[in-house]
Amino acid sequence: MCGIAGYWGADLPRMEGTELLQRMCDAISHRGPDGEGFHIGTGAGLGHRMLSVMDLSLNAAQPMGNVNGTVWVACNGEIFNYIELRGMLRERGHRFRTESDTEVLIHLYEEFGEDFLNHLNGDFSFAIWDERRQRMLLARDRMGVRPLFYTWHRGVLYFASEAKALLRVPGITAAPDPIAIDQIFTLWAPIAPRTAFKGIFELPPGEVMLIENGQASSRPYWSLTFPDMGEEDSREEDEIAWELRALLEDATRIRLRAAVEVGALLSGGLDSSIVSALAARIVPGSLRTFAITFEDAAFDESAYQQMMVQTLGTRHSAVCCRAGDIAGAFPAVVRHMERPVLRTGPAPLYLLSRHVREEGLKVVLSGEGADEIFAGYDLFKEAAIGRFCARQPNSKFRRHLFRKIYPYLATLQKQPPEYLAAFFGAQAKAPGDPLLSHRPRLRATTGTRLFFSGEFHEMLAGYDAAEELAASLPEAFDRWHPLHQAQYIETRFLLPGYILSSQGDRMNMAHGVETRFPFLDHRLVEFAARLPPRLKMRGLREKRILRRAVADLLPPAIVERKKQPYRAPESAGFSGPAAAYIAQILSAGSIAQAGLFNERAVAKLLDKHRRGAISGFRDNAAFVRIASAQLWSDTFVSAP
Amino acid sequence: MSDDIKNQVRTFIIENFLFGDERYPLDDTLSLMENDLIDSTGVLELVSFLEERFGISLSDAEIVPDNLDSIERIAAFAARKKQAAG
C-alpha cells in the first residue's frame with residue numbers, strides 16, 4: 001500500500017526525470033512514509049512512495065524490475081493471493097528474489113501478457129513499464145479500492161495515486177469541471193473517468209489502460225453483472241449459507257497476510273462485527289480493534305462496540321468525535337479528498353485513521369462493502385416500499401411503511417405519510433425509469449443548482465447528470481430484478497466514487513493506514529450477485545443470508561440488530577471557534593472569487609445556519625457541499 | 001382570497017426554499033413537491049411559517065398536498081383557516 005507516480009511520452013534525462021518524479025511523490029508522501037524510489041527509462045519514468053506492509057526488506061523496494069531490467073512495476077496496494085500465484089509461477093519455472101507480492105506482478109505479466117489481471121485477487125493500482133515494447137500498462141482493482149488519476153499535457157501522459165501529485169507537474173493547473181461538480185452535487189460522486197478537476201481523469205475500477213505506439217486505450221477487464229430475472233442461484237438456502245461462510249472466511253484469511261500487525265475497524269454494526277469475529281479466530285494473540293465514538297448520542301454506537309469487544313476479547317481503542325472536531329478537521333479532509341462532498345461523514349473517519357496510526361498500526365480490516373453486495377442500505381427498502389405502494393396507490397396504510405425504515409430520524413418520524421409517500425414513492429409515476437430506486441436520493445439533491453453562479457448555470461444549460469448516469473447502464477440492466485438494478489448503481493458508482501475514495505482510501509492514507517475489505521473480495525461479490533433477491537432482503541429485513549451464515553459467530557443482539565447507517569453531525573458541526581473559517585470562506589468576496597456559487601443565495605443559507613434553522617437533508621447537504629467546494633477551490637484552484 | 005396572503009407565501013418560498021433565486025418560474029399553480037422545491041422536511045418548515053404568520057393551527061389531517069402543494073393551494077387554505085378562526 002503506497003503511492004505511485006509516473007509519466008509516459010517524454011525521454012527525460014535521468015536528473016530531470018528524477019526531479020519531476022520527486023516533486024510528484026513529495027505531494028503524496030503521506031501514502032508512503034517508509035521510503036521512496038524512482039526509475040527513469042527511455043521514454044517513461046516511474047516513482048514510488050513505500051508503505052512497508054508485506055516484505056519489510058530493502059529487496060522489496062519499488063519501482064521493481066525484472067531480472068534483466070526490461071520490465072518495471074510501481075504498485076499501490078496488495079495482491080492478496082500472491083502466495084498461491086507464486087506457487088503456480090514456480091511450477092512454470094519462475095524464480096523469486098523477494099517475499100513481496102509486487103514481484104508476482106512482473107512474473108505474471110511476463111507469463112500471461114496483459115491477460116494476467118484476471119489472476120489477481122487484490123486491491124491495487126499499478127503501472128508496468130515494458131521498455132522493450134515501449135508499452136505502459138496502468139491497471140486498477142475491480143471494485144475501485146485504490147485510486148489512479150491521469151492527465152495529458154503537451155503529449156505526455158502523467159499519472160499518480162492522487163491528483164495533487166499531477167498538479168506538481170510544471171504547467172498543469174487546477175480548474176473546476178462544471179459537469180463533474182454538477183455530478184457530485186446531484187449523484188454524490190463524479191462519473192468516472194471524470195473528476196472534479198477539468199482535464200484530470202481517473203482510471204475507472206476494473207479497467208486497464210495500455211499506452212503504446214503513441215496510442216492510449218482503456219478497456220474493462222472485469223465488470224459487475226447480475227443474472228437475468230428468474231435465473232438466480234436456485235440452490236437450497238443451507239447450501240448457499242455454507243458456501244458464503246467459506247468464502248467469507250477465506251476472503252478474511254488472505255487479507256490478514258502481512259509482515260506487520262493487522263487490526264480491524266469495529267463500528268458495532270453487523271458487518272464490521274463479522275469481519276472482526278472472523279479475524280479474531282485467525283490472528284495470533286488478541287486482535288486489536290478500533291472505533292469512532294460520538295459525543296452526540298444520536299450518532300454513537302459505543303454500546304454495541306463494547307458488546308463485541310467483550311465477546312471477542314479484543315484489545316480495543318476508541319477515539320471520540322467531539323463538538324468542533326469535524327469543523328476543525330474539515331479543511332484537511334477536503335485537501336485529502338480533492339473534491340467537494342455532500343456529507344461530513346469522511347471527517348470522523350479521518351480522525352479514526354489518525355488514531356489507528358498513533359496506536360502503531362498501519363493495516364486494518366473493514367466491514368465496508370456488505371451493504372452493497374447484500375442489500376443493506378435503506379435505499380433498497382425505500383425502493384421496495386415504493387413498489388409495494390405503487391401496486392395500491394390509494395392505500396392509506398402502505399405509505400406509513402416509509403416511517404419504519406428510519407426509526408433513528410426524529411424529524412422524519414414527524415412527517416405526514418402523504419408527503420413521505422410523495423417524496424419516496426415516485427415509482428407509480430414512472431415505472432420504466434431505470435433510476436427509480438435512486439430517485440428519492442436524486443430529488444433530495446436537485447436544489448443544487450439554486451446555488452450555482454450565473455456562469456455555472458450557463459455552462460450547465462441542457463445538461464442532466466441523472467440522464468448521463470442512466471445512459472451509462474449496461475445493456476443487460478433491463479433484464480435484472482429491481483433490487484439488483486439498485487445494487488448495481490450503488491456498487492458501480494457510489495461505492496468507488498464516494499465510499500471507498502472520499503470516506504475510504506483518502507481518509508486512511510492521509511495517515512498512512514491501509515484498509516482491507518473482505519466483503520469486496522471479487523469471489524464474494526460475484527457469488528452475492530448471483531443470489532436471489534429474497535435471500536438478501538425479505539420484507540424489510542436486510543442481509544438475510546449473511547445473518548444466517550454467521551449466526552454462531554456473534555451475540556444475538558448484533559445478529560438481529562437493525563441497520564443503523566453511519567452518520568455524523570452535518571451543518572450543526574460547524575459552529576464555535578473551530579468553525580471560525582466558515583465566515584471567511586462563505587463571505588461574498590470568497591464566493592465571488594471562486595465563481596462557483598451565487599453570493600446572495602449563499603448569504604441566505606449562511607443566515608439560516610446561524611439561526612440554527614437548518615434541519616433537513618436538503619439544506620444540510622447544501623451547506624456541506626458549498627463549504628467543501630469553497631475549501632476545495634481555495635486549496636487547489638486559487639492556490640498560487 | 002387575499003393577494004396579500006399569496007404574496008407572503010410566495011416571498012417565504014422564494015426566500016426559504018429558493019434562497020432568493022427569483023429566476024425560477026414560480027407559477028401559482030406549480031406543484032412544489034413534484035418540482036422538488038420542497039421536501040418532506042420543508043413541509044414542516046412551511047407549516048411552522050403558516051402557523052406563526054397567520055395565527056392558525058394545522059391538524060395532522062390537514063398537512064396534505066391537497067392543501068399545501070402550490071402557492072395557490074396554500075394561500076386558499078390559509079385564507080379559509082383564518083376566516084374560520086374568525
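The values are calculated or read from the model by the stated rules, or taken from the named source; none is laboratory data. As the structure is a prediction and not an experimental result, all values here were calculated from the model. Note that we place each Cβ from the backbone using ideal geometry, even for glycine, and neighbour counts take in every protein chain shown.
Results, tabulated for the structure shown:
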item: Helices (runs of 4 or more DSSP H) wholly inside chain B containing at least 1 residues that are out of contact with any helix residue (DSSP H, G or I) (no Cβ under 8 Å at 6 or more places or on another chain) and within 12 Å of chain A (Cβ to nearest Cβ); result: B:3-16, B:40-54
item: Hits in segment A:449-462 - residues which are touching an Asp or Glu at 6+ places or on another chain (Cβ under 8 Å) and over 16 Å from A:Pro176 (Cα atoms); result: A:Leu450
item: Of all residues making up segment A:575-621, the number that are within 14 Å of chain B (Cβ to nearest Cβ) and on the phi > 0 side of the Ramachandran plot; result: 1
item: Boolean, A:Gly35 is farther than 26 Å from A:Arg142 by Cα, small (Gly, Ala, Ser), assigned by TED's automatic domain parsing to the domain that holds A:Val145 and under 30 Å from the mean Cα position of the chain (by Cα); result: yes
item: Enumeration of residues in segment B:1-30 that are touching a residue at least 12 places away in the same chain (Cβ under 8 Å) and farther than 23 Å from A:Phe452 by Cα; result: B:Met1, B:Ser2, B:Ile5, B:Lys6, B:Gln8, B:Val9, B:Asp28, B:Thr29
item: Qualifying residues in segment A:424-474 (those that are facing chain B (nearest Cβ under 10 Å) and surrounded by fewer than 14 Cβ atoms within 10 Å (Cβ to Cβ)) - the one modelled with the highest pLDDT; result: A:Gly454
item: Residues (more than 14 Å from A:Pro569 (Cα to Cα), more than 11 Å from chain B (Cβ to nearest Cβ) and among the hydrophobic types (A, V, I, L, M, F, W, C)) located in segment A:622-638; result: A:Ala627, A:Ala629, A:Leu631, A:Trp632, A:Phe636, A:Val637
item: Selection status of A:Ser217, of a type in the set (Ser, Thr, Tyr) and in contact with a Pro (Cβ under 8 Å, 6 or more places away or on another chain); result: no
item: Test: residue in segment A:61-71 that is assigned to a loop (DSSP other than H, G, I, E, B), in the same structural domain as A:Leu120 (by TED's automatic domain parsing), of a type outside the set (Phe, Trp, Tyr) and buried (at least 23 other Cβ atoms within 10 Å of the Cβ); result: yes
item: Given (1) aliphatic (A, V, I, L, M); (2) farther than 30 Å from A:Val637 by Cβ; (3) outside the structural domain of A:Leu540 (by TED's automatic domain parsing), number of the condition A:Met337 does not satisfy; result: (2)
item: Residue match in segment A:531-548 (condition: touching a Phe, Trp or Tyr at 6+ places or on another chain (Cβ under 8 Å) and either more than 30 Å from A:Asp228 (Cα to Cα) or without any contact (Cβ under 8 Å) to a residue 24 or more places away in the chain (or both)); result: no
